[in-house]
1. Considering every residue within segment 381-392, establish whether at least one is among the basic types (Lys, Arg) and more than 16 Å from ligand 2 (Cβ to nearest atom).
2. Among the residues of segment 565-586, are any over 21 Å from residue 408 (Cβ atoms) and within 16 Å of ligand 2 (Cβ to nearest atom)?
3. Looking at 499, 518, 494, can you tell me which residue is touching a residue at least 60 places away in the same chain (Cβ under 8 Å), in a helix (DSSP H, G or I) and surrounded by 14 or more Cβ atoms within 10 Å (Cβ to Cβ)?
4. Residues to consider are 456, 417, 405, 389; find the one that is within 16 Å of ligand 1 (Cβ to nearest atom) and surrounded by 13 or more Cβ atoms within 10 Å (Cβ to Cβ).
5. Under 8 Å by Cβ, and 6 or more places apart or on different chains, what pairs join a residue from segment 418-434 that is more than 15 Å from ligand 2 (Cβ to nearest atom) and outside any helix (DSSP H, G or I) with one that is modelled with pLDDT of 90 or more and acidic (Asp, Glu)?
6. Give me a count of the residues in segment 603-624 that are surrounded by fewer than 15 Cβ atoms within 10 Å (Cβ to Cβ) and either within 16 Å of residue 374 (Cβ to Cβ) or touching a residue at least 24 places away in the same chain (Cβ under 8 Å) (or both).
7. May I ask you to say which residue of 404, 400 is more than 14 Å from ligand 2 (Cβ to nearest atom), polar (S, T, N, Q) and touching a residue at least 60 places away in the same chain (Cβ under 8 Å)?
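The values are calculated or read from the model by the stated rules, or taken from the named source; none is laboratory data. Because the structure is predicted, anything quoted here is derived from the model rather than measured. Cβ placement follows ideal geometry from the backbone for every residue including glycine, while neighbour counts extend to all protein chains displayed.
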Amino acid sequence: MLHFNKYSVIILSGKDSYLIRSEVWKSVNIFVCDQIPLEPFYQRLSEEKNFKICHFVREKRSWGDNTSAGVYIIHEKSLNHEYLGLLEIFFVSAESRPVIIIGDNIAQDYIESLFENRAFLHFTTPVDVNKLIEAIDELTKNAADFGRKRVEKELSKAQKQIEDLYQIGIALSSEKDHNRLLELILSKSREIAGADAGSLYLVESENNLRFKLSQNSSLDWQVNENLLIPINEKSIAGQAAQSGEPINLLDAYFIPPSFSFTFNRTYDEKTGYRTKSMLAVPMKNQVGEITGVIQLINKRKDFETHRRGEPLREENIIPFNRKDLDLLSSLTSQASIALENSRLYQDIKNLFEGFVKASVVAIESRDPTTFGHSERVALLTVAFAEKIDRISDGPFASVNFEKNDLVQIRYASLLHDFGKVGVREEILVKARKLFPLELEQLKSRFKYIRKSIEADHYHHCLDCALKDGVEKFRLIQPILDLRYSEKQSELDEILQFLIRSNEPTVLEEGNFNRLLDIAKMKYSDFDGQTTDYLTERETHVLSIRKGSLSEAERIEIESHVTHTFNFLTKIPWTKNLGRIPEIAYAHHEKLNGRGYPNHLENLSIPIESKLMTICDIFDALTAQDRPYKKALPLEKALDIMYTEVNHGLLSKELLDIFVTNRLYRVIEGKTFKP
Ligand SMILES: [Fe+2]
Ligand SMILES: [Fe+2]
């Protein structure tokens, strides 16, 4: 066993100790770093013992020769300064080359974990040169065996890490929500490197990083940040983003003054947290562009066993090692791709959202009086579905709507009337039975008939005067005038009746017969042809018993549902949204099979469509005045809807839920007034 004086401490990595004897002194190279030549023992080491000294070449960040046997003697200042580069060297150099760290500030406990797989000694100063030489002697003997004991352990560890990375890759690629993905990336990064805390930054522009998120396990918080950090050499994350190189700090409180960045301790001072080891890794996409930075803080010895919120003791903090860097680099490149995918996914969603909104504008510009209808039906139906999802008893207890289902319902509702673009505009906006131009033609014809009655009257007067003389004519003139004026009044009354019949109110039976009588009345046209007062179409249209649409026009309006379906089925929906055409297609179906276009019955109508139908009718009844109908007050609208329930058209259970939960309030103030 080795014995050391009070100034020196020896730590053998792991729990193994061993006895070694020097046989090959002469072949030992001593790889020393910058600070060692300043130490008093250096001269004796090089001159008296005649070791071959290899100097660290700062520009190359190496000792040049990496193949020969020997011992690294490194001063802690250099370790601090060249940490990342030294880890690189240790990583590629043979495990048989031991490390001796000289220094007083970094505790041997703290860095021990870095040298698990090679012989490692730690000396405080002043170094007793005899002890140092004795240690070198021992270390160089059989050091090659040292690492082998751990090969198996390392292998199984590596296998687990590969498995972890694989699992993380799957988790990252399946998370589409951008914010949750950021949380996942940071928590998995912390997990894989065993870090107590961490922060995530995304490149926002050429010059700035956006500080997005912080997590801290021992303080048990996660905070969404929203700060802009310049991409420059002044901050750790900024420097990592600017250079594209990772930064690994042994201790954030002892950053060498030659480094361009500093660490701001304000937060630590406020919370009592001690930030010590730190690893900042830039995230790069497939083409090598920097997309962000992950900054991990305080690797924990006890990461696997610690509980969230349990304070972190300094002795449990260890430095990040080379493997952490490798794992994190691999994870960040996966994360970068996942983020890119999530951005593309979001772009596609936005694109589609924009397309749907544009479609809604297209529908509503055909009939401006229905402005806002699609959006309101979507708001109502989604609120309705959310309510149904929360119900835990009764007939709808088993009906559940996931987030995706709600998106599907929303799109189906927004687009339910899209097929109206395939219906002639004059029919869509038709307020009365006759089209405005037809009414004008009718009125003009009646003006002509009026003039023709007038002309007939004066012709008749003239005929009488010429035939019987003026004196006799004067006697009968009042009778002729009276008859004429009666005819005019009758004609005026007929026109008024026709104008009244043109309104989309319910036509009474007597009026229907009168209409047929009028239709048979005749007048002489310009050519002297005897012509009916009303055309066949006018008689047909004015005889509509209810509303403003003829049967053919009603069928054309109803065809909007089929147009909607045909349009929606052309869209290559994703699996989650695949039922949109089906849901929208059934929005005019009724429980008793009297709906259209497929006369589906209760059990065949999708529940989503049933919800939409109620919302569609509610909005149509309560929306602001349209040319062909007045907006109804809430009570009246609900009365009409319950009448439809009584006729077997709508579901009573669903309407009850709609009404008792006052779901209509989601559009209150938009158009409908309570
Ligand atoms: Fe519709
Ligand atoms: Fe509608």
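1. Within segment 381-392, the first condition is being among the basic types (Lys, Arg), and the residues that meet it are 387, 390.
Next, only the ones that are more than 16 Å from ligand 2 (Cβ to nearest atom) stay: 387, 390.
Yes, there is a match, as at least one residue in segment 381-392 is among the basic types (Lys, Arg) and more than 16 Å from ligand 2 (Cβ to nearest atom).
2. Step one: list which residues in segment 565-586 are over 21 Å from residue 408 (Cβ atoms), which gives none.
Checked against the condition, which is being over 21 Å from residue 408 (Cβ atoms) and within 16 Å of ligand 2 (Cβ to nearest atom), segment 565-586 yields no hits at all.
3. Numbers: 518 fails: touching a residue at least 60 places away in the same chain (Cβ under 8 Å); 494 fails: touching a residue at least 60 places away in the same chain (Cβ under 8 Å).
Answer to the selection: 499.
4. Details: 456 fails: within 16 Å of ligand 1 (Cβ to nearest atom); 405 fails: within 16 Å of ligand 1 (Cβ to nearest atom); 389 fails: within 16 Å of ligand 1 (Cβ to nearest atom).
Of the residues listed, the single one that is within 16 Å of ligand 1 (Cβ to nearest atom) and surrounded by 13 or more Cβ atoms within 10 Å (Cβ to Cβ) is 417.
5. Within 8 Å, the pairs are 424/556; 430/553; 434/538.
6. Let us first name the residues in segment 603-624 that are surrounded by fewer than 15 Cβ atoms within 10 Å (Cβ to Cβ), namely 603-604, 624.
This time we only want the ones that are either within 16 Å of residue 374 (Cβ to Cβ) or touching a residue at least 24 places away in the same chain (Cβ under 8 Å) (or both), so: 624.
Qualifying residue count, segment 603-624: 1.
7. Details: 400 fails: touching a residue at least 60 places away in the same chain (Cβ under 8 Å).
Matching residue, one of 404, 400: 404.
Here's the yes/no breakdown for (1) surrounded by 16 or more Cβ atoms within 10 Å (Cβ to Cβ); (2) modelled with pLDDT under 90; (3) assigned by TED's automatic domain parsing to the domain that holds residue 250:
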| position | (1), (2), (3) |
| --- | --- |
| 291 | yes, no, yes |
| 295 | yes, no, yes |
| 299 | yes, no, yes |
| 305 | no, no, yes |
| 317 | yes, no, yes |
| 324 | yes, no, yes |
| 333 | yes, yes, yes |
